[in-house]
Amino acid sequence: MPQTKDPKTAFRDHNHGLCCGSVMKTADKLVKETGLSLTPVRRRTLEILLEDHRAMGAYEVLEKLAADGFGKQPPVAYRALDFLVANGLAHRIRRLNGFTACMAPGQDHDPVFFICSSCNAVAEAPGGRVGHALNDAADGIGFEIDRSNVETVGTCPSCNKAAQT
């Protein structure tokens, strides 16, 4: 199944290799177009984030980087993660104090994150309407939004099904 903008991608069977490959291809194109550099440690960090549709903490990423020979010092992971977030290739998931790969890199979007409280799977969905509602509410009180991060916690279809059996 090809990667889609469907928020259920993280919560259903899909061709994960194609999903990850599509994001990596887009990331390569994006950094080339902007003159940025996806260094080996940055590339590997993005690949690590793409391994699962879930948020990963910086130290979990660091462990995987260290296993691949990239060093064991926290700045290795934090610098790579900061680069990925700053350039729209990853998102910070504050609820889980973690990071997840952006499933729509290079696109101007206001994602909404659906986080499973049982398995920590994270689905990214377009949140245009939510963004508009936030802007309308802010305008109503004269507030200017610099950044917003909408995270919704619940139970994914797989965990719901497991709980019912």
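Nothing in this text is a laboratory measurement; each read-out follows from the coordinates by a stated rule. Everything numeric here is computed off the predicted structure, so don't read it as measured data. Neighbour counts are summed over all protein chains in view; Cβ atoms, including those assigned to glycine, are modelled from backbone coordinates with ideal geometry.
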Extension gain from residue 107 to residue 51, taking 0.36 nm per residue of separation minus the Cα-Cα distance: 18.0 nm
Nonlocal amide H pairs with residue 55, under 5 Å, H built at 1.01 Å: 122
Cα-based Rg / Dmax (Å) for region 26-72: 11.7, 31
Under Karplus coefficients 6.51, -1.76 and 1.60, residue-wise ³J(HN,Hα) of region 145-153 in Hz, glycine/proline x: 7, 8, 7, 9, 9, 9, 10, 10, 9
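Please report, largest first and rounded to whole Å, the three semi-axes of the ellipsoid equivalent to region 24-114, where each semi-axis is the square root of five times an eigenvalue of the C-alpha gyration tensor. Intermediate results must be reported in sequence, preceding the final value.
Details: eigenvalues 76, 56, 21 Å².
One finds semi-axes of 20, 17, 10 Å for region 24-114.
What's the magnitude of the charge dipole for region 7-164 around its Cα centre, counting Lys and Arg as +1 and Asp and Glu as -1 at the beta-carbon? Answer in Debye, nearest 20. Could the numbers behind the result be given before it?
Details: 18 positive and 18 negative charges, 89 e Å.
Result for region 7-164 is approximately 420 debye, rounded to the nearest 20.
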Fewest-first ranking of 108, 52, using other Cβ atoms within 10 Å as the exposure measure: 108, 52
MRE, 222 nm, helices only [DSSP H, n ≥ 4, -39500 (n - 2.57), over the chain, to nearest 500]: -14000 deg cm²/dmol
Karplus-derived 3J(HN,Hα), 6.51/-1.76/1.60, for each residue of region 27-41, Hz, glycine and proline x: 4, 4, 5, 4, 5, 5, 5, 9, x, 7, 10, 9, 4, x, 6
Answer label, with Cα extents along the principal axes in Å calculated from the coordinates and candidates [x] 49, 48, 30; [y] 46, 30, 30; [z] 42, 33, 31: [x]
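State the volume of the convex hull built on the alpha-carbon positions of region 83-154, expressed per residue in Å³ and rounded to an integer.
Dividing the Cα hull volume of region 83-154 by its residue count gives 97 Å³.
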For residue 112, residues with placed amide H under 5 Å, excluding near neighbours: 125, 127
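Mind listing which GluC sites (Glu not before Pro) in region 94-165 are in a DSSP loop and have 13 or fewer other Cβ atoms within 10 Å?
Working: sites: 124, 144, 151; in loops: 144.
Loop-located and lightly packed - 144.
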Phi to ³J(HN,Hα) by Karplus 6.51 cos²θ - 1.76 cosθ + 1.60 over region 129-136, Hz, x for Gly, Pro: 5, 5, x, 5, 5, 4, 5, 4
